[in-house]
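What follows is a set of notes on a single structure, which appears directly below.
The values are calculated or read from the model by the stated rules, or taken from the named source; none is laboratory data. Source: prediction; values computed, not measured. Note that each Cβ is placed from the backbone with ideal geometry, even for glycine, and that neighbours are counted across all protein chains shown.
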């Protein structure tokens, strides 16, 4: 390992040496390539993102670790005088031009010449021109530094720069900044002209961003101006704007202290001839008019229908088709109430969330003294939306398949702005099973059909009054969904039914809550006999043991399912030479337990609560955090009912409903993601996940659908999905799962060239069994010492940004492999032959 690292280091040094000579290839004689910027604040180096972003000139972008300016080298491959070169090498070279014209047609010759020019242009556009040291830009950078520190309270700052020119046509620029002593706020006084504003300000100032003894910051002054303006506009001061506020700053003879005066002017009323000032007044909304079917063509026509509800006036050019309460619940502007700008913003948002109208129009008109009339114009979307899609596919289990997916969306189905959606799926396919009896089975022997119903109600559907706990500004909604599907000749074949009743609400722009009041799932396996045809690795292991024992000949295989099941029964019943201490006996026992687990029917009635705090401001935000927590409980209601009604237990001492033993467990998860924007398309991303599901009561294990797995393109990328764990267990099963998971990932993302980005990553984690029916020490989490089985993968990847999605290719290497038991676990399979190649869409986290 040491020799390998030494070779890599030597190659890297040599590569960087020769590439550094080539980097100044396009630098003119008297120019210098900017190799490095150094910023010193009070004689100490400072490499923070804030100061680096103030630089007018950054050195050419380099790939991390190898410190290679790849885009610069791509640019240097381009010829600056391509037209002259083509003219000299081809057009002035008569023989060469003649050979090309004889070999190519005139049209092909022209395309050949243009392709050379286009490729040269592509190199220039894809690459990055050398950054030449510019003293004017260095001087502008100094001005930026001075302004930055002055705006943050260092009024006596002094900044300068020094250029160190090297012999290799490279130069380094050093910026020296001496900040001096910071200024802090001292006395803060207010001078307010309007009496009503003066009265309101006494309450507003309690949350002021300007506090005595805190350091001066210009941003705080700007934000305080916006805060005061917003507070006044939400207190009825309709005409107020932030430019009515200005500040007086006094630092003369104050010993690094700042005396602040906050000045709030009277309202300016402009006429064609003059401008006069009057004190601000509180405005109230006298009436709120809602037009439910507004269109441009309808404007000016008389209304044919109108109603009054709780002070609101609702109109329609045709007929009112909406429940008055449903409409007014989405309107926060109250008739007779004080004008609030926030009410208008919330009304826009909630009307859009109804998904029943196009973007609404809200208009205020002054009506009499200090009174406003508000009109909300709503244009309905189409009541019915039909959708239809088809798909043709091919896979390992079918020669060809066709599917139809119709859907129907009905808006305002119950006149309360509810949305009802019906979607279906119907598919047929031809199986690749070579053993099909063509006389009995049709060609299209695979089929699936299902239907899904979903009703969205724009409020909490509850018999209780929930406004004090979840007010309507939190955009509460209810979703009720039912779905049923049936599959034939797809794996084990399944019939499934699910029903969900959940609430969603959003306390603010970052936080969302979801309460699944109940989530019921029923899954019935129809073709258990096909188990060993699906899980071929388990069958292969079982068949090998049977051949070793002579149960079947070496030239014969266990038939599926008869002989395979009979062999398992004979082994576990002691009808073979294997004993319970033999490894092959344990393997057969494990295969049987796994088969029983994966073929059991499931009945799950769960309730859950999910809390999410998402700090992203938009899709392009690269500096944010996301925290998500979920708690789920299942089976308690069924267990209580079974006890009260005196249900009998089955042979496994479990209660059954609909001939299925229901699942009982508690599941908890915590997920945290953090991104740091390092500047210049360089992002450090981190993710951690912890999840546990504990069975109890009617269950000694959790359903497969609720278990955890490790590996895959969005998890530990050095292992394929389901192939890692549990613990240090080295299994050959297709699907390895457990009920406890710990995962941590870190990834540095950087730009390589154009839309092509790169990444270096480290993934760590594993799954274990805990507090269930698994007693294998290598697969269970028994104490903190079990954490030594955390698997570590590392690698690199490429990502191409198509704007609307990112195509991702990652290569993961097994860095620390717990399956090596007591052997050395580090770097055993750290090579491309044992690497895992992952393809994905968008980032893993």
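What to note about this one:
- Sole residue being in contact with a helix residue (DSSP H, G or I) (Cβ under 8 Å, 6 or more places away or on another chain), within 19 Å of residue 133 (Cα to Cα) and assigned by TED's automatic domain parsing to the domain that holds residue 170, chosen from 36, 25: 25
- Answer residue from the range 86-133, given it is out of contact with any helix residue (DSSP H, G or I) (no Cβ under 9 Å at 6 or more places or on another chain) and not in a helix (DSSP H, G or I) and is surrounded by the most Cβ atoms within 10 Å (Cβ to Cβ) among those: 133
- In the range 14-59, residue modelled with the lowest pLDDT [restricted to those that are closer than 30 Å to residue 827 by Cα and surrounded by 10 or more Cβ atoms within 10 Å (Cβ to Cβ)]: 14
- Residue match in the range 612-625 (condition: touching a strand residue (DSSP E or B) at 6+ places or on another chain (Cβ under 9 Å) and within 27 Å of residue 769 (Cβ to Cβ)): no
- For residue 705: the one exception among (1) under 22 Å from the mean Cα position of the chain (by Cα); (2) surrounded by fewer than 17 Cβ atoms within 10 Å (Cβ to Cβ): (1)
- Search result, residues across the range 489-544 that are surrounded by fewer than 17 Cβ atoms within 10 Å (Cβ to Cβ) and assigned to a loop (DSSP other than H, G, I, E, B): 491, 507, 508, 509, 510, 526
- Looking only at residues of the range 752-773 that are buried (at least 20 other Cβ atoms within 10 Å of the Cβ) and farther than 19 Å from residue 815 by Cα, we find that the one that is farthest from the chain's Cα centre (by Cα) is 772.
- Entry remark, the range 197-236: residues being in contact (Cβ under 8 Å) with a residue 60 or more places away in the chain and in contact with a helix residue (DSSP H, G or I) (Cβ under 9 Å, 6 or more places away or on another chain) number 11 in total.
- Scope the range 379-388; condition in a loop (DSSP other than H, G, I, E, B) and either surrounded by 12 or more Cβ atoms within 10 Å (Cβ to Cβ) or modelled with pLDDT of 95 or more (or both); matching residues: 379, 381, 383
- Filtered residue count, the range 346-362, keeping only those that are farther than 13 Å from residue 377 by Cα and touching a helix residue (DSSP H, G or I) at 6+ places or on another chain (Cβ under 6 Å): 1
- Qualifying residue in the range 680-697 (condition: in the same structural domain as residue 836 (by TED's automatic domain parsing), in a loop (DSSP other than H, G, I, E, B), over 20 Å from residue 845 (Cα atoms) and touching a strand residue (DSSP E or B) at 6+ places or on another chain (Cβ under 9 Å)): no
- Contact annotation: residue pairs with Cβ atoms under 7 Å, 6 or more positions apart or on different chains, pairing a residue in the range 721-734 that is assigned by TED's automatic domain parsing to the domain that holds residue 822 with a partner that is surrounded by fewer than 20 Cβ atoms within 10 Å (Cβ to Cβ) and at pLDDT below 75, are 722/734.
- Set side by side, the residues 699, 745 differ, and just one is out of contact with any helix residue (DSSP H, G or I) (no Cβ under 7 Å at 6 or more places or on another chain) and under 28 Å from residue 808 (Cβ atoms), which is 745.
- Residues located in the range 732-747, provided they are within 23 Å of residue 785 (Cα to Cα) and buried (at least 19 other Cβ atoms within 10 Å of the Cβ): 736, 737, 738, 739, 740, 741, 742, 743, 745
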